[in-house]
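Worksheet: the structure to be examined is printed underneath.
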Amino acid sequence: MTSSLPAADAEARRALAWTHTARFLTTAAQLNQLPATELPEIAFVGRSNAGKSTAINVLTQQKRLAFASKTPGRTQHINLFALGPKDAPDALFADLPGYGYAAVARGAKLRWQKVMADYLELRRSLSGVVLMVDSRLGFTELDRQLLAFVAPRVGTGAVKLLVLLTKADKLNRRESDAALAEAQRVLADLATDDSDVGVSLFSALSRRGVTDAAQWLHAGSRPVLPDTVADVDVAEADAGSPGEGPSEPAPGASPAASGQPPGRTSGD
């Protein structure tokens, strides 16, 4: 018996059902506190107030999986979430601290700059990075520094990259086209024959780009054949909203207060 559901719709439903299985696994303040794993790990990164926690919650269809602090940029923990069957998870999401918020001690920012750089450059199980960029601000200097941390692994195809231009509902059509064009220009520097780099407009409010992002995440959880070469393309999906706070010299994050398990507050 065959299904009457179009293949694309069926795949979208499978992807959304899979992201919905996300559940909290552990939190860590240092890289050596993260569990060693062979599961593919997809990291969510972005400036404080870029909409990272909101995007994770929308993608997983859960209201409080990722916690957004009222004081953005205050968390100093990496939070891991497991996906797939409860007795046999098949992938992990890593929610990294938001960076770039001004009201944090410089020492904490520098420490987290080092932790995040090491994570993006050295974490063995890292297979994908989702970078949240406020569509109204574009790539800040901190975003570009973060891209530099992961560029070598993106260039070899070891790590896939998806940029979500968040809060796209705040843009009109002309502004959306301009934001996509500028993002494509920035990301062209990372494109190689082996890289898999995508960019999409994203809006948690209108849900624009949510399905496309879920399908990218689902595909990223599956093993890639060694000789597979991915196309570098720009997916026109959805939009998001603007991030705030003055720039800092380098991506760093800071502590966040939360009534949830230690470290689970994540500033957007």
Segment 1-25, subset over 16 Å from GLY84 (Cβ atoms) and of a type in the set (Ser, Thr, Tyr), residue modelled with the highest pLDDT
SER4
Residue selected from segment 210-236 under the condition modelled with pLDDT under 95 and among the small types (Gly, Ala, Ser), by the criterion surrounded by the most Cβ atoms within 10 Å (Cβ to Cβ):
SER221
Would you confirm whether any residue within segment 171-179 is surrounded by 22 or more Cβ atoms within 10 Å (Cβ to Cβ) and of a type in the set (S, T, N, Q)?
no
Which listed residue, of GLY107, GLY155, is at pLDDT below 95 and either among the polar types (S, T, N, Q) or over 30 Å from ASP9 (Cβ atoms) (or both)
GLY107
Scan segment 114-132 for residues that are among the hydrophobic types (A, V, I, L, M, F, W, C) and surrounded by fewer than 18 Cβ atoms within 10 Å (Cβ to Cβ) and report the count.
1
Near pairs, Cβ below 6 angstrom, 6+ apart or cross-chain, from segment 19-31 (part of a helix (DSSP H, G or I)) to any residue that is surrounded by fewer than 18 Cβ atoms within 10 Å (Cβ to Cβ)
LEU31/ASP118
Of the residues in segment 27-69, those that are β-branched (Val, Ile, Thr) and buried (at least 17 other Cβ atoms within 10 Å of the Cβ) come to THR27, ILE42, VAL45, THR54, ILE56, VAL58, THR60
Restricting to segment 163-187, give me the number of residues that are over 18 Å from THR140 (Cβ atoms) and free of Cβ contacts under 8 Å to residues at least 24 places away in the same chain.
4
Can you list residue pairs whose Cβ atoms sit under 8 Å apart, with the first residue in segment 32-54 being assigned to a loop (DSSP other than H, G, I, E, B) and the second being hydroxyl-bearing (Ser, Thr, Tyr) and surrounded by 19 or more Cβ atoms within 10 Å (Cβ to Cβ)? Count only pairs 6 or more apart in sequence or on different chains.
PRO40/SER127; PRO40/SER221; SER48/TYR99; SER48/TYR101; ASN49/TYR101; ALA50/THR166; GLY51/THR166; GLY51/SER241
Please verify whether segment 14-25 includes one or more residues that are farther than 26 Å from THR211 by Cα, surrounded by fewer than 24 Cβ atoms within 10 Å (Cβ to Cβ) and among the charged types (D, E, K, R).
no
Would you confirm, using the coordinates I've provided, whether SER254 is modelled with pLDDT of 95 or more, assigned to a loop (DSSP other than H, G, I, E, B) and of a type in the set (Ser, Thr, Tyr)?
no
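The values are calculated or read from the model by the stated rules, or taken from the named source; none is laboratory data. Here the structure is a predicted model, which is why all the values come from computation and not from measurement. No Cβ is skipped: glycine too gets one built from the backbone with ideal geometry, and neighbour counts run over all protein chains shown.
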